[in-house]
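Here's the structure, in structure tokens; my notes come after.
What follows draws every value from the coordinates through simple rules; no lab data is involved. Note that the structure is a prediction, hence the values are computed from the model and not measured. Quick reminder, even Gly has a Cβ in these numbers, built from the backbone with ideal geometry, and neighbours come from all protein chains shown.
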Amino acid sequence: MQFDKDKKILFSAAQPSGIPTIGNYLGAIKNWVDLQDEYNCIYSIADLHCLTVKREPKDLRRQSLDLLALYIACGVNPEKCVLFMQSHVPAHAELTWVLNTITYPGEMTRMTQFKDKSLRHADNVNMGLMDYPVLMAADILLYQTDIVPIGSDQKQHLEIARDIANRFNNRYSPTFVVPDGYIPKVGARIMSLQDPLHKMSKSDDNENAFISLEDDRDTIIRKFKRAVTDSDNTVAVGEDKPGITNLINIYSIFANKTIEETQREFDGKGYGEFKVAVGEVVADKIVPIKEEKERILKDKAYLDDIMIKGAETANYLANKTIAKVYRKVGLYTPDKK
Ligand code: TRP
């Protein structure tokens, strides 16, 4: 793995929490793949972040591996980018500790996500939950990252990472690149199939509301057939037709067509026929990914090898930064023999 000096450094991470939906696929996973050629990409499975909410240890272990396999199945190429587990690079925890000493409790308790999660997990408001943004800042700053693609829910966390970087640079001396965030454009927001006014979510109680990357062809087609639409029966977008508009968006993205092309293609055809077509085009894309992921998961030696190689490169890069940080804050380093 060689970085190209002319390209910027891009860092992103994802938490292994549940099976992604087609919304997550289009909004996040696909971007990781699309950005690989343009940047020096460093991608991490944020398993340490996952410890901030209660989870069965065996589920966390399985889901971490699963997400790694999924990213590879989707086209993230370990030859082109650094792909690793956050917990395999001790510098993430080490830098978090140092950054904690220049971060204030008030800044953390103000974070929208901390407030939301404190309400949702009221029985487990732990220090890690509060410190989550500092660990995220450490993730980013360790690699002298120029650019961080993020979902809009992570904007506040990126802002605090920039504040912390500036604060450290001002207090000691320039050490960290101050990263820019960017919110990738997704063709459309993917909405729930049962309540098209709300975003599709993997934690929806109604399984028919989302298409997960684990669904098989029959399930996908059945869920689309049951999707909530209006009674108009004309395949055309409209503000008063959120259900069919959502299906048209999904079809257009997966079939690589414009909205107009899709409307023309289904001119004079009813919702029944269109829903099956949406199911088929989505299944054509998703099912091979699922099969490839399952194939990769069976090859544990291959996955371990990728993880070890990824961690090796990540450790090399991260340790350069942590050595600099330790020196700047005044931690004594013995001379090497
Ligand atoms: N908190 C991010 C999320 O839940 C995941 C994450 C962890 C991350 N560390 C990061 C994203 C660093 C970007 C950069 O989506």
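For the reader, a short list of remarks on this structure follows.
- Rg/Rh for the stretch 1-117, where both radii come from Cα atoms and Rh is the Kirkwood radius: 0.99
- Max mean-square fluctuation residue, GNM over the chain, Cα-Cα springs under 10 Å, options M111, M85, M127: M127
- With a cut-off of 11 Å between beta carbons, the residues surrounding I244 carry a summed charge of -1, where Lys and Arg count +1 and Asp and Glu -1.
- The relative contact order of the stretch 14-88, computed from alpha carbon pairs under 8 Å that lie at least 6 residues apart in sequence, is 49 percent.
- Inverse of mean 1/r across different Cα pairs in the stretch 160-207, Kirkwood, Å: 14.3
- Near G23: Cβ cut-off under 15 Å, other residues only, Lys/Arg at +1 and Asp/Glu at -1. The net charge is +1.
- Cα-based convex hull, the stretch 107-172, per residue volume (Å³, whole number): 89
- Cross-link pairs exceeding 26 Å between alpha carbons, from the set K8/K155; K155/K241; K8/K115; K257/K285: K155/K241; K8/K115.
- Most fluctuating residue given options N77, N166, N206, as computed from a GNM of the chain linking Cα atoms under 10 Å: N206
- For the chain, share of DSSP beta bridges that run antiparallel, in % to the nearest 5: 10
- For the chain, the spherically averaged projection of the C-alpha convex hull amounts to 19.6 nm².
- Mean separation of Cα contacts under 8 Å, 6 or more apart, over the residue count of the chain: relative contact order %: 21
- The distance between label points at E239 and D218 comes to 4.3 nm (points 7 Å beyond Cα on the Cα→Cβ vector).
- Each Lys or Arg adds one and each Asp or Glu takes one away; over the other residues whose Cβ falls under 13 Å from the Cβ of A311, this sums to -3.
- Candidates V53, Y39, G18 compared by Cα position along the dipole of the stretch 1-78: farthest toward the positive end lies V53, with charges placed on Cβ.
- Isolated cysteines in the chain, defined as those with no second cysteine Cβ under 4.7 Å, comprise C50, C74.
- Once the Cα atoms are used to define both axes, helix 271-298 deviates from the longest principal axis of the chain by about 40 degrees.
- With helices as the sole contributors, the chain gives -16000 deg cm²/dmol at 222 nm; each DSSP H run of n ≥ 4 counts as -39500 (n - 2.57), and the sum is divided by every residue.
- Stokes-Einstein D in µm²/s, Kirkwood radius over Cα pairs - the stretch 198-337 at 37 °C with 0.692 mPa s viscosity: 173
- Computed over the stretch 165-287: relative contact order in percent, which uses C-alpha pairs under 8 Å that are six or more apart: 24
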